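Presented below is the structure to which this report refers.
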Amino acid sequence: MRRILLTLFATAALFAQKPAAPPEPQEPAEEDIALKPPKEFSFNPLQAEGEIKTGIYYYKKGAYKAAAARFREATRWNPQSAEAYLRLGYTLEKAKDRKGAHEAYAKYLELAPDAKNAPEIKKKL
């Protein structure tokens, strides 16, 4: 009887052990990320609109650095998007980057010289 109990306990102990989990995928090292080729942009107004909407969300939250990054992405997806440059200018102005805001406003006026708010933006320049 003891032998049977010992055998049962030994068998239960073997089955109770969990199998080794597969290793979790590791993130690439920082230097590997730096070696990635830069993102290629082509004309994509839908992607630009998405970036603008996301930028507006970040702007409203007060995350001006994130918002500016999204508006810059939008200008890369659609270089003719006056709205992206205008919003980039507002965001950089809030972030106290006067030089960047000046450049964004200048590009906005280049793209939309007859806009309603053109006189207001000219005053900012």
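The values are calculated or read from the model by the stated rules, or taken from the named source; none is laboratory data. Treat the numbers as computed from the prediction; the structure is a model and nothing was measured. Heads up, the Cβs are rebuilt from the backbone with ideal geometry, glycines too, and the neighbour counts pull from every protein chain shown.
Candidates in the range 43-72 are the residues that are charged (D, E, K, R) and out of contact with any Lys or Arg (no Cβ under 9 Å at 6 or more places or on another chain); of these, the one that is farthest from Lys94 (Cα to Cα) is Glu49. Here the helices (runs of 4 or more DSSP H) wholly within the range 1-115 that include at least 2 residues being out of contact with any strand residue (DSSP E or B) (no Cβ under 7 Å at 6 or more places or on another chain), at negative phi and at pLDDT below 65 are 2-16, 30-34. The criterion of being under 25 Å from Asn44 (Cβ atoms), hydrophobic (A, V, I, L, M, F, W, C) and surrounded by fewer than 17 Cβ atoms within 10 Å (Cβ to Cβ) holds for Ala63. For the range 35-84, the set of residues classified as more than 24 Å from Asn117 (Cβ to Cβ) and of a type in the set (Lys, Arg) consists of Lys36, Lys39, Lys65, listed by residue number. Checking Ala104, Ala67, Ala82, Ala115 one by one, the residue that is farther than 17 Å from Glu49 by Cβ and touching a Phe, Trp or Tyr at 6+ places or on another chain (Cβ under 6 Å) is Ala104 and no other.
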